[in-house]
Amino acid sequence: MTNWPPPLHLVGAWLALVALLVLTVSLAHLPLGAFNAAIAMSIGAVKAAIVAAIFMELRHRDATTLIFAGAGLFWLGILLWLGMMDFLTRT
Amino acid sequence: MPETRAFAPQFVSGRHRDEAAALGMWVFIATEVLLFGALILGYFVYRHLHPAGFAAASSRTDLVIGTANTAILLTSSFAVAWAVEAFSAETRKFCATLLACAIGLGIAFLVLKSFEYRSEYREHLVPGIDFKFDPVHVDGAQLFFLFYFVATGLHALHMMIGIAVLGVMALLINRTPSARHRTALHSAALYWHFVDVVWIFLFALVYLPGRAA
């Protein structure tokens, strides 16, 4: 079959994603206090970045596409930042 | 002259059309980011107000099914990305087969999710339907499970739409592959990968907290 093996960068991305999944489930069982949440979200962000860069092919896209893709993140950042500010700073 | 109408009059070239389609898809994804983002903001607010309740409720979710479903979705995304790479006139059968694999994995995800919903219903973890939880954490736990059902339900709806879109793409590509299908496949793939990314974050928010205690 001419399509075998699959493209190496896709296999690499898939292996990295599964490895990060195993890592995040393992680390969730360690008693690290507040760091557990930070680790879970950071590993989630790395997995999302791998999907966006390789599966969604953002690493091969021009600046316009990156700006359009980044716009969602930008507004999400404003939403979470301004939304949480009151709760995180109120005493 | 079959190729003169290959792209609509507002475009100067086929490439122009493809780029417009990709940008439009990213705008749509940005609106979806904010849709799920608003839910996740609610989650963070209530987790901040009820940290112990959220941890206790989260530890009652099924980590085995959650982890399996994450692996299933990551693999389905891999299959779709491969189908995009493999797309050409000669490989259309192979491309359609890869899409069929991704659809199968998507259905497996939904089946596992429904088993999960069923056991949560039996364990009285559905807010509003005879919800039962340890009285110290009941308020936070109810809010957690409210988020859980709304967010995973909305995600499951996106999965169903994605499965339907991939199914249409598989049929079209299997029948008559053309440059137009490449663009459509790209857009469908972006949507499927986005649904995968949403799940990556839902997994971290729903299944992982409260496991260390």
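Among B:VAL80, B:VAL45, B:VAL64, whose Cα projects farthest towards the positive end of the dipole of chain B, with charges put on the beta-carbon of Lys, Arg (+1) and Asp, Glu (-1)?
Going by the Cα projections, it comes out as B:VAL80.
To the nearest 20 debye, what is the magnitude of the charge dipole of chain B about its Cα centre, counting +1 on the Cβ of each Lys and Arg and -1 on the Cβ of each Asp and Glu?
Working: 15 positive and 14 negative charges, 99 e Å.
The dipole magnitude comes to about 480 debye.
What percentage of the solvent-accessible surface of chain A, computed with a 1.4 Å probe over protein heavy atoms, is contributed by carbon and sulfur atoms?
Working: 4280 of 5520 Å².
Carbon and sulfur atoms account for 78 percent of the accessible area of chain A.
Going by a ≥ b ≥ c, the root eigenvalues of the Cα gyration tensor, does chain B fall in the rounded group (a/c under 1.5), the prolate group (a/b larger than b/c) or the oblate group? List each step's numbers first, then the result.
On the way: a/c = 3.34, a/b = 2.21, b/c = 1.51.
Because a/c hits 1.5 or more and a/b exceeds b/c, chain B counts as prolate.
Mind running the shape call on segment A:1-60? Use the C-alpha gyration tensor, a ≥ b ≥ c as the square roots of the eigenvalues: rounded below 1.5 for a/c, prolate if a/b tops b/c, oblate otherwise. Walk me through the numbers before you get to the answer.
Numbers: a/c = 6.27, a/b = 2.15, b/c = 2.92.
Oblate is the answer for segment A:1-60, as a/c is 1.5 or above yet b/c matches or exceeds a/b.
Counting only other residues whose beta carbon sits under 15 Å from that of A:ALA40, what net charge do I get with K and R as +1, D and E as -1? Working shown, then result.
Values: positive: A:LYS47, B:ARG47, B:ARG211; negative: none.
Local charge sum for A:ALA40: +3.
Tally Lys/Arg at +1 and Asp/Glu at -1 over every other residue whose Cβ is under 14 Å from the Cβ of B:TYR121; what's the total?
Values: positive: B:ARG60, B:LYS113, B:ARG118, B:ARG122, B:LYS132; negative: B:ASP62, B:GLU116, B:GLU120, B:GLU123, B:ASP130.
Residues close to B:TYR121 contribute a combined charge of 0.
Which FRET efficiency value, to the nearest 0.05, do you get for A:LEU80 and B:SER114 by plugging their Cβ-Cβ distance into 1/(1 + (r/R0)^6) with R0 = 30 Å?
On the way: r = 31 Å, r/R0 = 1.02.
For A:LEU80 and B:SER114, the calculated efficiency is 0.45.
Using helices alone, I'd like the mean residue ellipticity at 222 nm for chain B: each DSSP H run of four-plus residues gives -39500 (n - 2.57), total over residue count, nearest 500.
Working: 6 runs with 165 residues, N = 213.
Roughly -27500 deg cm²/dmol at 222 nm, from the helical runs in chain B.
Taking each residue of B:28-39 in turn, how many C-beta atoms of other protein chains fall within 10 Å of its C-beta, and what is the average?
Working: counts 1, 6, 9, 2, 1, 8, 5, 0, 1, 9, 4, 0.
Going residue by residue through B:28-39 and averaging, the value is 4.
When the accessible area of chain B is computed with all protein chains present and a 1.4 Å probe, what percentage of it is carbon and sulfur? Write out the running numbers ahead of the final one.
Numbers: 6380 of 9310 Å².
The value for chain B is 68 percent carbon and sulfur by accessible area.
Which residues, if any, in segment B:61-103 lose at least 40 square angstrom of accessible heavy-atom surface (probe 1.4 Å) when the other protein chains sit next to their chain rather than the chain being alone?
Residues passing the criterion (a loss of at least 40 Å², heavy atoms only) are B:LEU74, B:PHE78, B:TRP82, B:GLU85, B:PHE94.
Return the FRET efficiency for the residue pair B:LYS132, B:ILE65: r is the Cβ-Cβ distance, R0 is 25 Å, and the value is rounded to the nearest 0.05.
On the way: r = 21 Å, r/R0 = 0.84.
E(calc), rounded to 0.05, equals 0.75.
What does the average come to when, for each residue of peptide A:54-63, you count the partner chain Cβ atoms lying within 10 Å of its Cβ?
Details: counts 4, 13, 14, 8, 2, 0, 0, 4, 2, 0.
Across the residues of A:54-63, the mean count of other-chain Cβ atoms within 10 Å is 5.
Counting only heavy atoms of protein chains, what accessible area per residue, in Å², does the protein assembly as shown have with a probe of 1.4 Å? All intermediate terms of the calculation are to be shown ahead of the outcome.
Working: 14830 Å² over 304 residues.
With the other protein chains kept in place, the protein assembly as shown gives 49 Å² per residue.
I need the phi-derived Karplus couplings for segment B:110-118: 6.51 cos²θ - 1.76 cosθ + 1.60, θ = phi - 60°, integer Hz, Gly and Pro marked x.
Karplus values, whole Hz, x for Gly and Pro: 5, 5, 4, 4, 5, 4, 5, 4, 4.
Taking the Cα-to-Cβ direction at A:THR91 and at B:ARG182 and moving 7 Å from each Cα, how far apart do the two end points lie in nm?
Those two pseudo-labels are separated by 6.3 nm.
Would you please state which residues of segment B:180-200 a label at B:PHE11 would reach in this model, taking the label point 7 Å out along Cα→Cβ and a backbone N cut-off of under 13 Å?
B:180-187
What does the C-alpha gyration tensor say about the overall shape of segment A:41-91? Classify as rounded when a/c is under 1.5, otherwise prolate if a/b is larger than b/c, or oblate. Please report the intermediate quantities before stating the final value.
Values: a/c = 5.55, a/b = 1.95, b/c = 2.85.
Oblate, because a/c is 1.5 or more while a/b does not exceed b/c.
Report the FRET efficiency, 1/(1 + (r/R0)^6), for B:ALA100 and A:LEU8, where r is their Cβ-Cβ distance and R0 is 25 Å, rounded to 0.05.
Working: r = 23 Å, r/R0 = 0.94.
Efficiency, rounded to the nearest 0.05: 0.60.
How many square angstrom of accessible surface are buried between A and B, both sides summed, with a 1.4 Å probe and rounding to 100?
Details: alone 7470 and 11280 Å², together 14830 Å².
When A and B are taken together, about 3900 Å² of accessible area is lost.
The values are calculated or read from the model by the stated rules, or taken from the named source; none is laboratory data. Values in this document were obtained by computation on a predicted structure and should not be read as measured data. In this analysis, Cβ positions are derived from the backbone assuming ideal geometry, glycine residues included, and neighbour counts consider all displayed protein chains. For accessibility, only protein heavy atoms count, side chains too; no ligands or nucleic acids. Shrake-Rupley method; radii C 1.70, N 1.55, O 1.52, S 1.80 Å.
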